[in-house]
Amino acid sequence: MAYPQKLLGEGESVVLDLHPHWKVMFLPFLELLGILALAGFLLAQGYSTTANWVVVGLGLLLLLGFFVVPLLKWRTTHFVVTSERVVMRSGVLGRQGRDIPLARINDVSFHHSLFERLLGCGTLVVESAGERGQVTLTDIPKVEKVQRVVYDLVDQQSPGGLAPTAP
């Protein structure tokens, strides 16, 4: 699901539209396989029809809680970089979000562990002027590329650009 165009300002365009890295769905996927395997095993035991319906019902409830809900959370979490701002949105039923205008960003940095580096994800830290200051975004795919894109956009927005940061 792409970020809705109706939420963009006039002349604003989407540069990056990302969801959290697929690694956040790895454990729910393993749980899905485990639930399906257990349900299949129990259904193959030849229990009564009522017992089979109980297994199916419990299996569906477990699938809902352990796979469908995390999948919906993953699909409805957006990290968007536009030509004007950095946008974070999350939530399935209730929504929460935060926008940071590019002109207010002071620093953009990232870090990732060896494991995250192998997977191609990491944590992006966007520091802005204002009360709420720093935003930490975890599980960002291709975090180094995202950091560079945000940095370049901020640099284009401000006449002085960002001051170089120490490693």
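The values are calculated or read from the model by the stated rules, or taken from the named source; none is laboratory data. All values reported here derive from a predicted model rather than from experimental measurement. Cβ atoms come from the backbone with ideal geometry, glycine included; neighbour counts cover every protein chain shown.
Couple of notes before you dig in:
- Number of positions in the range 98-123 that are in a strand (DSSP E or B) and in contact (Cβ under 8 Å) with a residue 40 or more places away in the chain: 6
- The range 91-125, residues that are charged (D, E, K, R) and surrounded by fewer than 12 Cβ atoms within 10 Å (Cβ to Cβ): R95
- Selection status of G130, exposed (fewer than 13 other Cβ atoms within 10 Å of the Cβ), part of a loop (DSSP other than H, G, I, E, B) and within 17 Å of the chain's Cα centre (by Cα): no
Residues checked against (1) among the hydrophobic types (A, V, I, L, M, F, W, C); (2) free of Cβ contacts under 8 Å to residues at least 40 places away in the same chain; (3) in contact with a Phe, Trp or Tyr (Cβ under 7 Å, 6 or more places away or on another chain); (4) farther than 15 Å from R85 by Cα:
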residue	(1), (2), (3), (4)
Y3	no, no, no, no
G9	no, no, no, no
V14	yes, no, yes, no
H21	no, no, no, yes
F26	yes, yes, no, yes
L30	yes, yes, no, yes
A37	yes, yes, no, yes
Q45	no, yes, no, yes
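- Against the list (1) over 19 Å from V15 (Cα atoms); (2) among the small types (G, A, S); (3) modelled with pLDDT of 90 or more, the condition S109 fails is (1).
- Per this entry, V92 is not counted among residues that are under 17 Å from Y151 (Cα atoms) and touching a Ser or Thr at 6+ places or on another chain (Cβ under 9 Å).
- Residue in the range 68-81 that is surrounded by 13 or more Cβ atoms within 10 Å (Cβ to Cβ), touching a residue at least 60 places away in the same chain (Cβ under 8 Å), closer than 25 Å to K142 by Cβ and among the aliphatic types (A, V, I, L, M) present: yes
- Counting only residues that are closer than 24 Å to L8 by Cα and in contact with a Phe, Trp or Tyr (Cβ under 9 Å, 6 or more places away or on another chain), the range 112-131 holds 2 of them.
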